[in-house]
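Report on one structure; see the data block that follows.
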Amino acid sequence: MNRAAGGVTAILVTSFLWGTTGTAATFAPDAGPLAIGAAALGIGGLLQAAIALPSLARARQALRKHAGLVAVGALAVAVYPLAFYSAMHLGGVAIGTVVSLASAPLASGILERVIERRLLSRWWMLAAFLGVLGSVLLCLSRAGEQAASAMATLAGVGLGLLAGTTYALYSWVVHQLMHHQLGRGASMGAVFGAGGALLIPVLLVTGAPLVASAQSFAVAAYMALVPMFLGYFLFGVGLARVRPSTATTLTLAEPAVAAMLAVLVVGERLGIIGWIGMAILAAALSVLAFAPANVTDRGAVGRRTATPADVPEDAVLAGPAHRPALTEAPGAPDVAAETG
């Protein structure tokens, strides 16, 4: 399995794990969205930092050099779960999930286009369009699940957009740190560890219902250890192999997984529109999985853009001598090393 295919597989497994969170949260009905979000990514983020301590120690000088980037990513990590779970709480599970996840690939694409001046491929644009369309159809099929006032729904949509933007932002930050030749462990450990630390005060204030019963505690432990800790570990593996725009588009599989679990576990029904939406989501993922490599970076004529595929996963930037030789002959065509 090549690096791109391995990255796609890792992110699809992550999407499955993340898709279980909505069903899991139904087993802790007394816990509010802030408590669920803070417990899941607060504890999960600190665990990411704990397993990355050796990498963080080796990369401390490089991390200080990129402290501003780490701070932006950590803030995005802290905001994301609070916005995401609040969006589901206010606007309903379907609307909150779909708006959050469907907006993330678009935000990620805008980041790459504006900041990196990277031309996004027609394959990615097709996959993003299909992904958003499929998610919207899935949302429409489940829109009646939870009645909400117009103001609550509007607030849920707004928080969903905030969640999607922060998700795209921290994915982009981690990818950029890897691009600067920090290892996967150091990049993920620094951003998610700092973000998790920011969430701990929120957990201390709101988390009492999570320890009120054994069942609620088990839900919190599952959310922190499986979807968040293991899920984000695999997400980091994926980000080391594919672009953030590709990664965030692949995670559009999450609402499909959530819908299937709602049908199989919670006993909800999915109408014909929902099944059509899931089929379109499958088509979007297939486009990303099997699309050919494309030329994307027009900002460096005659020079190949460094990607995480060029860098060992545990590499740490120690100086110019440690950079891989990326310069090609003048006038050579641009080459992109990743799918999507």
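The values are calculated or read from the model by the stated rules, or taken from the named source; none is laboratory data. Because the structure is predicted, anything quoted here is derived from the model rather than measured. Backbone-built Cβ (ideal geometry, glycine too); neighbour counts: all protein chains shown. Areas reflect the complete protein model, heavy atoms only, side chains present, ligands, DNA and RNA absent. Shrake-Rupley method; radii C 1.70, N 1.55, O 1.52, S 1.80 Å.
General observations
- Shape class for the range 133-259, computed from the alpha carbon gyration tensor (a ≥ b ≥ c): oblate, with a/c not under 1.5 and a/b at or below b/c.
- In the range 1-69, the portion of solvent-accessible area held by carbon and sulfur atoms comes to 68 percent [1.4 Å probe, whole percent, DNA, RNA and ligands not counted].
- Between the amide H of ARG118 and those of ARG113, distances stay under 5 Å, these residues lying 5 or more places away or on another chain, with hydrogens modeled in the peptide plane.
- Solvent-accessible area per residue for the range 87-230 (1.4 angstrom probe, square angstrom): 41 Å²
- Protein accessible area in the range 188-268, 1.4 Å probe - carbon and sulfur %: 78 percent
- Placing unit charges on each Cβ (+1 for Lys and Arg, -1 for Asp and Glu) gives the range 44-171 a dipole about its Cα centre, and among ALA78, GLN48, LEU138 the Cα reaching farthest toward its positive end belongs to GLN48.
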